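Here is the structure we will look at.
The values are calculated or read from the model by the stated rules, or taken from the named source; none is laboratory data. Computed from a predicted model, the values in this text were never measured in an experiment. Note that we place each Cβ from the backbone using ideal geometry, even for glycine, and neighbour counts take in every protein chain shown. Note: areas computed on protein heavy atoms with side chains; ligands, DNA, RNA excluded. Shrake-Rupley method; radii C 1.70, N 1.55, O 1.52, S 1.80 Å.
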Amino acid sequence: MAVLGNPDMLTRKIKLCHINAHITCRLCDGYLIDATTVTECLHTFCRSCLVKYLEENNTCPTCRIVIHQSHPLQYIGHDRTMQDIVYKLVPGLQEAEIKKQRDFYQKLGMEVPGDIKGELCNIKTHLDHRNGDTKSEDTPNKEAGEEKAEEDNDYHRSDEQVSICLECNSSKLRGLKRKWIRCSAQATVLHLKKFIAKKLNLTSFNELDILCNEEILGKDHTLKFVVVTRWRFKKSPLLLHYRPKMDLL
């Protein structure tokens, strides 16, 4: 149940069922998970639902506007704000989803990614505080020391990391001196374009295309999305190529 209103005025309680239409996916009728928005019309869906739908369609499932004639997946983007809203409004949804992801990785015998571990720890801490668990007086100082040590040792917080090999497949550009990099799975293709452009002293990152399996990647794709959709059954590192936009393979 949501509570709306000015703190100085009477609050008004709204039942969750009254706003379900705004926080559910039209494709699966469930609450939004990994909320993803179509940039052309701003309609939002679960990422997995939308990606599956766009494998055979190029229009928005809600308004039927053409997203892109041939590459609709390049015109969708993760909507972090909407996902945060959904998780705050629906009790237990985030915990349940992270548990599903953890169980999925464990069932396959794979290591649970760092971001999921971090979320589980944050949720446990939040629940402990909400349940009124007390701590000794020296706990805050101890936690501050541990937090500082963690910051010193982990420059990427607890984000899931992706190993990448960036190779040039054009004679018009030089290769990077260090083509092996490791960065957050939440980084986007646009971040890589800016990184490469800076290293090669290009006038604009818009001069570049980045490809995976000979397919041009959309600038808003996260590296996690690229790994899941185009590198799922291949070994690390993720191999990406870059070239000038007008260059032909």
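Using mean Cβ contacts within 10 Å as the protection proxy, how do 26-38, 92-104 order, highest first?
26-38, 92-104
Mind checking the per residue accessible area of the stretch 16-89 for me, 1.4 Å probe, whole number of Å²?
In whole numbers, the stretch 16-89 has 56 Å² accessible per residue.
Any idea what the dipole of the stretch 16-89 comes to, in debye rounded to 20, about its Cα centre with Lys/Arg Cβ at +1 and Asp/Glu Cβ at -1?
That gives the stretch 16-89 a dipole magnitude of about 100 debye.
In the stretch 161-244, carbon and sulfur make up what percent of the accessible area (probe 1.4 Å)?
Carbon-and-sulfur percentage of accessible area, whole number: 53.
Can you give me the orientation-averaged projected area of the convex hull built on the Cα atoms of the stretch 161-244, in nm²?
Reported value for the Cα convex hull: 4.9 nm².
Carbon-plus-sulfur fraction of the accessible area of the stretch 16-89, 1.4 Å probe, in percent?
About 50 percent, which is the carbon plus sulfur part of the accessible surface.
Size of the dipole of the stretch 161-244 about the Cα centre, Lys and Arg at +1 and Asp and Glu at -1 on the beta carbon, nothing else charged, in debye to 20? Provide the component values of the computation, followed by the final result.
Details: 17 positive and 6 negative charges, 78 e Å.
Once rounded to the nearest 20, the dipole reads 380 debye.
Could you calculate, for the stretch 16-89, the ratio of the Cα radius of gyration to the Kirkwood radius, expressed as Rg to Rh?
With Rg and the Kirkwood Rh in hand, the quotient comes to 0.97.
Using a 1.4 Å probe, what is the accessible area per residue for the stretch 206-249, in Å²?
Heavy-atom accessible area per residue stands at 57 Å².
Too long at a 31 Å Cα-Cα cut-off: which of 52/245; 100/199; 52/198; 99/194; 13/219? Intermediate results must be reported in sequence, preceding the final value.
On the way: 52/245 28 Å; 100/199 40 Å; 52/198 35 Å; 99/194 35 Å; 13/219 41 Å.
Check vs 31 Å cut-off fails for 100/199; 52/198; 99/194; 13/219.
Say each of residue 163 and residue 90 gets a label point 7 Å from the Cα, pointing the same way as Cα to Cβ; how far apart are those two points in nm?
Taking the simple label geometry, residue 163 and residue 90 are separated by 3.6 nm.
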